[in-house]
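Here is the structure we will look at.
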Amino acid sequence: MNVIVCVKQIPDPALPGELDADNTLKREGKLILDESDSYGVEMALQLVNTAGEGDVTLVSMAPNEEVSGLRTALAMGAAKAVLVSDPALAGADALTTAKVLAGAVGKAGDYDLIIAGTESSDGYTGTVPEQIAEVLGLPSVTFAKTVTVDGDTLKVDRQTEAGYDEVTCSLPAVVSVTAGVVEPRYPSFKGIMAAKSKPVDTVTAADLGVESVSWAQQITSVEDAPAREAGEIIEDDGETFNRIVEFLDNLKVI
Ligand SMILES: Cc1cc2nc3c(=O)[nH]c(=O)nc-3n(C[C@H](O)[C@H](O)[C@H](O)COP(=O)(O)OP(=O)(O)OC[C@H]3O[C@@H](n4cnc5c(N)ncnc54)[C@H](O)[C@@H]3O)c2cc1C
């Protein structure tokens, strides 16, 4: 069972973001593993472990040949990675990102399943996994809250507003997983040390034959979001519930 996982490397959301001259997010320096993708990595490791054979390979598109986020996923237990890094991809749109990742999948070797997050933590168009499936001509199953493999069949409980659908399809396929599908493991010290020497094959867009298409819209200005107004504090005088009901009624939520 060989599983490929799409791993986005993003600026650390815990740090204040900086903008480039064109008002896009600065992506220089250290990038970290997008938390949304730590679930995909863990899911892949568990599927390979259950199958008793096979590998987990990572694919990522990131600037400046950045690998810090990949090393975290390699430290969790993935075997190797393909990184696509190319200045020509700066500001690439979601379809280009999908074509690049589909190309990287082609470099990653044989696979039975491709896993991605339902949406990234920074761009969050939530469209890249489905576009990868379209580019590769594979079935796409989304919003998986459970993933099992039985022979050549993928079985997924697909999260819906009403509960979940039981979805099955034949492998190979692309599945996007929700946060919480599994509990990601923390890399061990042994894993972190081993990750330093695990292979990362770095390629360009040209190596994959992908031509980058940039975003349609330009960001003309960026302003700070208005500070949230302080809420009203109400001391309970035994009748306060009336005011709360009135408040909710005005909001038309009851
Ligand atoms: C200001 C701004 C303007 C934009 N304008 C456009 C536009 O005009 N047209 C347009 O198409 N897009 C536009 N985008 C979206 C941008 O192109 C996407 O954010 C980007 O391509 C990556 O997609 P995503 O993060 O939205 O992926 P999502 O679909 O939200 O990510 C889902 C999953 O896909 C995988 N994935 C996504 N990106 C990567 C990666 N780089 N490496 C590895 N795995 C990855 C991960 O598993 C991730 O969890 C704009 C974004 C911004 C911030």
(message) Set the bar at 31 Å for Cα to Cα. Now go through Lys155/Lys252; Lys8/Lys252; Lys30/Lys99; Lys26/Lys198 and name every pair that lies beyond it.
(response) Lys155/Lys252; Lys8/Lys252
(message) Please compute the modelled spin-label separation between Ala79 and Asp224, points set 7 Å along Cα→Cβ, answer in nm with one decimal.
(response) 5.1 nm
(request) Leaving ligands, DNA and RNA out of it, report the carbon-plus-sulfur percent of the accessible area of segment 3-208 at a 1.4 Å probe. (result) 51 percent
(message) Please list, in order along segment 128-141, the HN-Hα scalar couplings obtained from phi with the Karplus expression 6.51 cos²θ - 1.76 cosθ + 1.60 (θ = phi - 60°), rounded to whole Hz, x for Gly and Pro.
(response) 5, x, 5, 6, 4, 4, 5, 4, 8, x, 10, x, 10, 10
(request) Enter the accessible area per residue of segment 48-185 (Å², integer; probe 1.4 Å; all protein chains in place). (result) 44 Å²
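Using mean Cβ contacts within 10 Å as the protection proxy, how do 36-49, 58-71, 236-249 order, highest first?
Values: 36-49: 23.1, 58-71: 20.7, 236-249: 9.9.
Result, highest mean first: 36-49, 58-71, 236-249.
Using packing as a proxy for protection, rank 2-12, 181-191, 103-113 so that the peptide with the highest average count of other Cβ atoms within 10 Å comes first. Walk me through the intermediate numbers first.
Working: 2-12: 23.9, 181-191: 15.0, 103-113: 18.6.
Averaged packing, sorted descending, gives the order 2-12, 103-113, 181-191.
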(request) Would you mind checking which residues have amide H under 5 Å from Thr146's amide H? H placed 1.01 Å from N; only 5 or more apart, or other chain. (result) Asp157
(request) Any chance you could get the radius of gyration and Dmax over the Cα atoms of segment 3-208, in Å? (result) 16.1, 51
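The values are calculated or read from the model by the stated rules, or taken from the named source; none is laboratory data. Here the structure is a predicted model, which means the values were calculated and not measured. In this analysis, Cβ positions are derived from the backbone assuming ideal geometry, glycine residues included, and neighbour counts consider all displayed protein chains. To get the accessible areas, we keep the full protein, side chains included, count just its heavy atoms, and leave off ligands, DNA and RNA. Shrake-Rupley method; radii C 1.70, N 1.55, O 1.52, S 1.80 Å.
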